[in-house]
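Bear in mind that the values in this text are calculations on the coordinates, not laboratory data. Given the structure is predicted, the values throughout are model-derived calculations rather than measurements. Note that each Cβ is placed from the backbone with ideal geometry, even for glycine, and that neighbours are counted across all protein chains shown.
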Amino acid sequence: MIEPNTLYDVIVVGAGYAGLTATRELLKAEKKVLLLEARDRIGGRVWTQRFDDGTYVDLGGAWVGPTQDRLYALAREFGVETYPTYDEGKSTQYFRGQVKRYKGLIPPLPIGALLSLDAAIKKLNKLSKNVNLAEPWATPKAQHLDSMTLAIWMSRQMRFDVARQFFQVATEAIWAADPAEISLLHALFYTKSCRDLDTLMNIKNGAQEERFVGGAQTIADRLAATFSNQLIFDAAVKAVNHTGEHIHVVTTKGTYTARRVIITVPPVLQSRIDFQPILPAQRAQLIQRMPMGSVWKCYAIYEKPFWREQGLNGLAATPDGHVTVTFDNSPRDGSYGVLMGFVLGNQAKAFSALSEDDRKRSALHSFATFFGTQALNPVRYLDHSFMNEEWSRGCYAGLMGPGVWTTLGPALRQPVGRIHWAGTETSDVWNGYIEGAIRSGERVATEVLMSGE
Ligand SMILES: Cc1cc2nc3c(=O)[nH]c(=O)nc-3n(C[C@H](O)[C@H](O)[C@H](O)COP(=O)(O)OP(=O)(O)OC[C@H]3O[C@@H](n4cnc5c(N)ncnc54)[C@H](O)[C@@H]3O)c2cc1C
């Protein structure tokens, strides 16, 4: 029960996977906990949109793959099944006006470009092995790696334009950002944090291997239902006053008081909370320098996954147009067909300036180019970007540009007095993913419990 004038042991801000996990761990330890959420729903950057006809799509986080053990454990515990992402048949490549089909992981590029692409992937993987995940700023040659963008490294590494263009498609799909926006050190950190580039890119043995029956929000909903009495919706935190012995958290629903506070909201959004006294310079500067990525998801729902009948797996990649990567996002039983197209990085910013009709026209045109004119007539089309969401302002996650890890990195998890920080951006394993959010929730709960209060 939420009682007025209660002194909580801990207030957790944000009911995404990080906040939900932290709350659960603290409740297990019999702490008095309150979870405050700005939205009117659970899940944060995970949001399953369900329609009256029974169809559903994941507008945010969707996939799960090997080594994401905490997420699999939660799914098992809450009875949510997973199923393989459809990838039987040929993949599609569209380049310079030509559609090409191919089997397996090697795209039909000229041999020189292919070798260059392969060498770049191997080199990035190799470089990432040296990253100190717990303290990226302490990585050998950290200053050098953090002094350049991923784009600069790519231009030095790959002589062939074609290789660079396709490498860019992959990196944009991984970071939802132009490689010119990310520091090389951040790219290496993120790569190692998720095992390697192959894991990040692939379906089989990769981050896109499986999806959740009923959508990725189902687990979060079921988890939150176990402590619905400790949760307040529509309670946007406006200010955190930590001058005295106790911390006062001012929200749109009222003011609540606790001994400790855990903030799980994305770093850029922390800048919008009025901390009194203001945060120490390192923390305040850090959260001004972790912009969110840029991505749209475009969904077309069809009566059936018609591309499968043509021996296609629904996977397409192209450096041309708004939609640069597509996946088959149909439900497990294939009872209807769903194509999902990503619009990423700078294309996502440009896409945001289009009208709804023009976005639809552009996305369906791409789907038809890849899979045939049947794609022009979906039963339903919708698209979504978390860039337009007040309580996310971008996706998939906060990113580090050059110089941020090496100058301000130590402030990322460092508590400020009795204020603790979590969220996927603070995780050194599967940073940027749901798995990273869960692990950050566990880590911060332990941190609070170790504080002895
Ligand atoms: C389009 C897209 C695709 C993705 N694909 C995948 C994928 O396939 N697999 C995967 O693992 N991950 C994916 N991700 C990333 C994944 O969704 C996130 O890493 C994860 O959900 C982050 O969880 P979190 O708890 O750290 O943060 P959030 O989910 O952002 O939770 C923070 C919460 O804080 C709330 N909040 C914000 N400000 C305030 C405030 N002032 N007061 C109170 N509450 C506030 C927010 O409403 C939110 O609920 C994707 C994300 C997006 C958007």
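Would you give the gap between the C-alpha center of the stretch 268-284 and the C-alpha center of the stretch 134-203, rounded to a whole Å? Computed from Cα coordinates, the inter-centre distance equals 29 Å. Around the amide H of residue 420, modelled in the peptide plane, lie the amide H atoms of 261, 262, 263, all under 5 Å away and 5 or more residues distant in sequence or on another chain.
Determine the calculated [θ] at 222 nm for the chain from helices alone, applying -39500 (n - 2.57) to every DSSP H run no shorter than 4 residues and normalising by the residue count; nearest 500 deg cm²/dmol.
Dividing the helical sum by the residues of the chain leaves -9500 deg cm²/dmol.
Counting charges near residue 338 (Lys, Arg +1; Asp, Glu -1) among other residues having Cβ under 14 Å from its Cβ returns a value of +1.
For a paramagnetic label modelled on residue 393 (point 7 Å from Cα along Cα→Cβ), amide N atoms under 20 Å away belong, within the stretch 352-377, to 352-353. For the chain, the longest principal axis of the Cα atoms and the long axis of helix 184-193 meet at an angle of about 80 degrees. Would you give the gap between the C-alpha center of the stretch 36-91 and the C-alpha center of the stretch 327-372, rounded to a whole Å? The stretch 36-91 and the stretch 327-372 have Cα centres spaced 19 Å from each other. Taking every DSSP beta bridge that has both ends in the chain, the antiparallel portion is near 70%.
Label separation (residue 288 vs residue 271): 0.8 nm, computed from points 7 Å beyond Cα along the C-beta direction. Here the stretch 10-134 carries DSSP beta bridges of which approximately 65% are antiparallel, counting only pairs with both residues inside.
For the stretch 111-201, rounded, prolate or oblate, judged on the Cα gyration tensor with a ≥ b ≥ c (square roots of eigenvalues), a/c < 1.5 rounded, else prolate if a/b > b/c? It is prolate, given that a/c is not under 1.5 and a/b is the larger ratio. Across the stretch 35-43, rounded Karplus estimates of 3J(HN,Hα) from the backbone phi angles (6.51 cos²θ - 1.76 cosθ + 1.60, θ = phi - 60°) give 10, 10, 10, 6, 7, 9, 8, 7, x Hz, Gly and Pro being marked x. Checked against a 20 Å cut-off, the cross-linked pairs 100/122; 28/238; 122/204; 100/297; 123/297 give Cα-Cα distances beyond that limit for 100/122; 28/238; 100/297; 123/297. Spin-label point model (7 Å from Cα, Cβ direction): what's the residue 122 to residue 222 distance in nm? It works out to 4.4 nm between the two label points. Partners of residue 253 within straight-line reach, counting aspartates and glutamates whose Cα lies under 15 Å from its Cα and excluding those fewer than 8 residues away in the same chain: 3, 37, 40, 234.
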